[in-house]
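In what follows, a structure is listed as structure tokens, so that the remarks can point back to it.
The values are calculated or read from the model by the stated rules, or taken from the named source; none is laboratory data. Computed from a predicted model, the values in this text were never measured in an experiment. Counting neighbours? That spans all protein chains shown, and the Cβs are built from the backbone with ideal geometry, glycine included.
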Amino acid sequence: NFEKLNITKIKEAKNKYKLTVITAYDALFANLFKDSADMILVGDSLNMSFAGKSDTLSATLEQMIYHTNAVCNGAKDAFIITDMPFSTYINKDEALKNCSEVYRRTLASAVKIEGGEDRAEIINHLTKNSIAVMAHIGLMPQYVRSEGGYKVRGKTKDDEEQLIRDAIAVEKAGAFSIVIEGVKGDVAKKISQSVKIPTIGIGAGKDCDGQVLVWSDMLGFFEEFKPKFVRRYLDGAKLVKEAVEQYRDDVQKQSFPSQNEEY
Ligand code: KIV
Ligand code: NA
């Protein structure tokens, strides 16, 4: 019963059903996710969980294009969004040039850009030039160094009002959806009620129009720490470690390979 979404259907989902979004970085996992998730995000979080870096800032356009192609190959009919990496959309012209590069060299359906009111003009330029844009407001990981850390947003009335202005600005600029990250639940609810496009929350409570999780967090492959907002649906790391230990034991005992496993 899975049907490929497009931006019209995604917008129509608001107030009908909650959208499910998951990240993927490669063909293998994208293929496993494609029949259950409404959208697959090739997040620049891959710079951390795939490439082992400490934040997302050093992700490059080439890296994002490489992983987007892998994900598209593994999930042919999925609605796939490419995260635009840090410093690839510093002004309208750079943004259009780099997003066009993603559209030309991959089958991504849309791109994602961090920023609210401050980036509305850029988003407007992209959407006017036929690029589908998902915005990303609230806690924005590409601002980690300039903000001095990852900080939950929406704790003051001023910040709440700023976030609502951000959401309205990106909607007006033509974004088809907004990721709301790390925002107090009651504030994310107000933001979601302030716009007609669906909001996709991560660490933003239950009243967003959908949810997104990083696949390696929700499947328990990333063990170092578990943010409060992550629900682990699988003990991935434990299962993989146990399996590889078992493999090693079998090799040492010479119970692998068996007669059936040899030519
Ligand atoms: O990079 C990413 O995975 C993201 C999600 C957390 C929304 O931007
Ligand atoms: Na991201």
- Message: Between a residue in the range 135-150 that is closer than 17 Å to residue 82 by Cβ and touching a residue at least 24 places away in the same chain (Cβ under 8 Å) and any residue that is in a helix (DSSP H, G or I) and aliphatic (A, V, I, L, M), which pairs come within a Cβ distance under 7 Å, given they are 6 or more apart or on different chains?
- Response: 135/123; 135/170
- Query: Are there any pairs, at least 6 apart or on different chains, whose C-beta atoms fall under 7 Å, with the first in the range 94-120 and at pLDDT below 95 and the second more than 16 Å from ligand 2 (Cβ to nearest atom) and not in a helix (DSSP H, G or I), and if so, which?
  - Reply: none
- Please find, within the range 46-73, the residue that is surrounded by the fewest Cβ atoms within 10 Å (Cβ to Cβ) out of those that are in contact with a strand residue (DSSP E or B) (Cβ under 9 Å, 6 or more places away or on another chain) and of a type in the set (Gly, Ala, Ser). 49
- Item | Sole residue being in contact (Cβ under 8 Å) with a residue 60 or more places away in the chain, within 15 Å of ligand 1 (Cβ to nearest atom) and among the hydrophobic types (A, V, I, L, M, F, W, C), chosen from 86, 29 | 29
- Message: Within the range 222-243, take every residue that is among the aromatic types (Phe, Trp, Tyr) and at pLDDT below 95 and give me the one that is surrounded by the fewest Cβ atoms within 10 Å (Cβ to Cβ).
- Response: 225
- Go through the range 7-32 and give me each residue that's buried (at least 22 other Cβ atoms within 10 Å of the Cβ), under 15 Å from the mean Cα position of the chain (by Cα) and farther than 17 Å from residue 181 by Cβ. 24, 25, 30
- Check residue 80 against each of (1) assigned to a strand (DSSP E or B); (2) within 13 Å of ligand 2 (Cβ to nearest atom) and name the one condition it does not meet. (2)
- Taking the range 211-241 only, how many residues are within 18 Å of the chain's Cα centre (by Cα) and more than 16 Å from ligand 2 (Cβ to nearest atom)? 8
- If the Cβ limit is 7 Å and pairs must be 6+ apart or interchain, which residue in the range 43-55 that is closer than 18 Å to residue 136 by Cα pairs with which residue that is of a type in the set (A, V, I, L, M) and within 8 Å of ligand 1 (Cβ to nearest atom)? 43/214; 45/214
- Query: Tell me, which residue of the range 153-173 that is out of contact with any strand residue (DSSP E or B) (no Cβ under 7 Å at 6 or more places or on another chain) and in a loop (DSSP other than H, G, I, E, B) is surrounded by the most Cβ atoms within 10 Å (Cβ to Cβ)?
  - Reply: 173
